[in-house]
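One structure is given here, and the rest of the page talks about it.
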Amino acid sequence: MKGWLVVNHFIRSAKFDLIYDWLEQAAADRGIRLQRMTNAQLMSIIGGSGPDGRSDKSAEQPDFVIFWDKDVRLARYLEAKGLRLFNNARAIELCDDKALTHISLARSGIRMPKTIIAPMTYETVGYNGYEFLEVVMDELGFPVVVKECFGSFGQQVYLAGDREELFDITRKIGTKPMLFQEFITTSKGRDVRINVVGSEPVAAMERVSDKNFRANITIGGRMKAYKPSLDQVETAIKVCRHLDLDFAGVDILFGEDDEPVLCEVNSSAHFKSVYDCTGVNVADFIMDHISRMLGR
């Protein structure tokens, strides 16, 4: 059996490469050939009289694709060509856009922070009025979390403590899609990451920061092994099922009495930190899941 590991052509780092190496090794350990391909190698070519798609002429059609990127258009294109993707294009899209995540889960019964999605504007127009921020202040109060809808590692998440900060952050984000959320004070600088594969929790860690309201490891948070509660596990699994995810990293906040409150969902969660913390290599579970789904 052969698969493609689709990664982004333009991101180069030792952390990313290590994750890719682990996935390839986990595949090899199970007798599966996993070929790394970039989204530039697999550029979509649609229409005209030529062949339908470039997809590197040296590459055989794979039995499956591990899509470790957020190039949703390419993911949809590969699905249109009949390829089975882990994760599927729709699931990736719902996770990548934080607003879509919350809209998709709004009727699921999963507790989430109260969220207001900023009205869309156009890059050539911008916001010529900020009346909508009055609604944000009335509904959410202060402090209030401001998030860009597209972002990773906590780097596009901000906390506004008053009216002036809220307006300043919104202006700096500009025309990029954003949302506003109530601040879960009981979870300040603390959250839980649960890695789920095939509707099973396979690893978990608690992330803590004494200096920041965000607990992400990349921006200085500390990690420690953590045994999630039954409610936290059920929340993580329910999230993945609703979003039709084969695997994900689910970030959960601590509400009142430690009630699980969903923060974000990552369709291609980098698991080096969870490996360093727990010794669990999520790549092994991903490859076992793919083997089961494909009937091996």
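Results, tabulated for the structure shown:
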| read-out | value |
| --- | --- |
| Complete set of residues in the stretch 1-35 that are assigned to a strand (DSSP E or B), touching an Asp or Glu at 6+ places or on another chain (Cβ under 7 Å) and either polar (S, T, N, Q) or surrounded by fewer than 18 Cβ atoms within 10 Å (Cβ to Cβ) (or both) | LYS2 |
| Flag if VAL250 is over 17 Å from ARG222 (Cα atoms), at pLDDT 95 or above, in contact with a Gly (Cβ under 9 Å, 6 or more places away or on another chain) and not aromatic (Phe, Trp, Tyr) | no |
| Among the residues listed as SER187, SER152, the single one being over 17 Å from ALA118 (Cβ atoms), crowded, with 18+ Cβ neighbours inside 10 Å and hydroxyl-bearing (Ser, Thr, Tyr) | SER187 |
| Residue that is nearest to the chain's Cα centre (by Cα), among those in the stretch 244-279 that are assigned to a loop (DSSP other than H, G, I, E, B) and closer than 17 Å to GLU93 by Cβ | SER267 |
| The stretch 158-182, residues that are within 22 Å of GLU259 (Cβ to Cβ) and crowded, with 20+ Cβ neighbours inside 10 Å | LEU179, PHE180, GLN181 |
| Index of the failed condition, GLU60 passing every other in (1) of a type in the set (D, E, K, R); (2) more than 21 Å from ASN88 (Cβ to Cβ); (3) modelled with pLDDT of 95 or more | (3) |
| Pair list, Cβ < 7 Å and 6+ apart or interchain, from the stretch 177-195 residues that are small (Gly, Ala, Ser) to residues that are at pLDDT below 95 | GLY189/VAL208; GLY189/SER209; GLY189/ASP210; GLY189/ASN212; GLY189/PHE213; GLY189/ALA215 |
| Test set (1) out of contact with any helix residue (DSSP H, G or I) (no Cβ under 8 Å at 6 or more places or on another chain); (2) not in a loop (DSSP other than H, G, I, E, B) - VAL196 fails condition number | (1) |
| Boolean, ARG241 is touching a Lys or Arg at 6+ places or on another chain (Cβ under 8 Å) and not in a loop (DSSP other than H, G, I, E, B) | no |
| Pair list, Cβ < 6 Å and 6+ apart or interchain, from the stretch 95-106 residues that are crowded, with 19+ Cβ neighbours inside 10 Å to residues that are among the hydroxyl-bearing types (Ser, Thr, Tyr) and part of a loop (DSSP other than H, G, I, E, B) | CYS95/SER267 |
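The values are calculated or read from the model by the stated rules, or taken from the named source; none is laboratory data. Remember, it's a predicted structure, so these values are computed and weren't measured experimentally. Every residue, glycine among them, receives a Cβ derived from its backbone with ideal geometry; neighbour counts consider all protein chains shown.
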